[in-house]
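The numbers here are math on the coordinates, done by the rules we state, and not lab data. On a predicted model such as this, the values are computed, not experimentally measured, just so you know. Reconstructed Cβ throughout: ideal geometry from the backbone, glycine too, with neighbour counts over all protein chains shown.
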Amino acid sequence: MKKICSLFILILLFNTTQIMAQNKAKILVLIHSDNGRTYELAKEIAKGIESENNADSYIKLVKPSQNPNLKSLPVATVDELANYDGIAFGSPVYFGNISTGMSEFLSKTVQLWTEHTLEGIPATVFMSAGSGAGKELAIQSFWNSLAVHGMILVSNGIRGTEELNKAIPQGNSVLGITTMASLKDVERPTKGERALAELQGRNFAKVSLALKDTHPKRAVSVTENHQNFNEILKQKNIVLPQVPKPAGNYQPFVRSGNLVFINQVALKDGKIFNPGKLEVEVNEQQVKDATRVTMLNVLAVLQEAVGGDLGRVKQCVQLTGIFNTKDDYAKHAELMNIASDLTAEVFGDKGKHARATFGASSIPVNSSVEIQAVFEVE
Ligand SMILES: Cc1cc2nc3c(=O)[nH]c(=O)nc-3n(C[C@H](O)[C@H](O)[C@H](O)COP(=O)(O)O)c2cc1C
């Protein structure tokens, strides 16, 4: 009886948690940022959103960034915009207008526009300027694009300005918060600008929650895609190594758009693991072991490329295995299966990939294997 009661309570708890998650507003904080000030405001906006208990925020970029502070942020797709209960847009001011990065992203939303997809979804805007020249024009121009989409524009009015330190220039505007990055009198965004951004986020979450589910065309839910990969790796007894340091003038990975490119050899603890040519210095089992070591290196680099969150991996696109073999060797595919199986074990369906394998008469640092990998990431 006791067991049945516990089971019942567990089911009830599970269902309640599910219902609570469904009732939460999902709010996208969509930004372009070159030097990071827009991102600083975005974090405050997100803090304000999250302070409304029933709202979750998702900060995403309109395009990949090489800025070390931004490069691990996920990149939004145009199609996912309709999945949110509200979108807070942030961009640098470019010549009294929105930035080209933001403008390029919005120019890809024509289909959403003609299909009325974003109509009725709340939007709010924040911006980072240099001196502040034309900042209100810029926010207004941002509103123009969103108004054409039929989004519900949420302004700030004079909310919170009573608390501002009026002795220094502040980026408050009635349409949305800004900061003025090139005014070096105090750290930017100022304390007051941060506070107003947080307030903007909180108010925006309230509006988004109130209008949640009033939009007929909304897709069912945002794919969060954030499985706990640390847990998955632990369960499968997979330990990722330290990211190997580059041995030449190259990067451990390069991200181009939503693709990450990685190349690794069988480096383990600073030395090549089972080095040499197959059937001369090493046997097949040793090369298979080296292949696993190499693929673990690839995964370690991938983890770094996605800012530690393997949940951001959308697909393993292609693996290429190169093996140090004699001319007449033909069983490369069997060796490479070790890498492919490991990828599928970690990522499931997202680990399924296209593949190429071939033999080489030599491989750098006498490794018995090299793996080249391409992953699609958020
Ligand atoms: C092409 C270009 C045009 C700009 N035009 C303006 C402008 O009209 N007014 C202004 O105050 N700042 C202007 N700036 C400065 C940026 O708005 C400022 O550096 C901003 O803080 C960048 O935001 P971020 O740190 O998120 O990249 C411009 C910058 C660039 C690159």
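Observations, loosely collected:
- Sites Glu345 and Lys166, calculated FRET efficiency, Cβ-Cβ separation with R0 41 Å, nearest 0.05: 0.10
- Spatial separation of Cα centroids for region 318-378 and region 77-123, in angstrom: 40 Å
- Theoretical FRET efficiency, 1/(1+(r/R0)^6), r = Cβ-Cβ of Asp269 and Lys108, R0 51 Å, to 0.05: 0.65
- Helix 191-211 axis, angle to the chain major axis (alpha carbon atoms, nearest 10°): 90 degrees
- Fewest-first ranking of Ser91, Ser361, using other Cβ atoms within 10 Å as the exposure measure: Ser361, Ser91
- 0 to 90° range, to nearest 10: angle between helix 332-347 axis and the chain longest Cα axis: 30 degrees
- Amide hydrogen proximity for Asn172: with H placed 1.01 Å from N in the peptide plane, the residues at 5 or more positions away or on another chain lying under 5 Å are Thr178.
- Over region 229-377, the Kirkwood radius and the radius of gyration, each from Cα atoms, give a ratio Rg/Rh of 0.95.
- Reported value for the chain: 189 Å³ per residue, from the convex hull of its C-alpha atoms.
- Computed on region 24-211, with alpha-carbon pairs under 8 angstrom and 6+ residues apart, the relative contact order is 28 percent.
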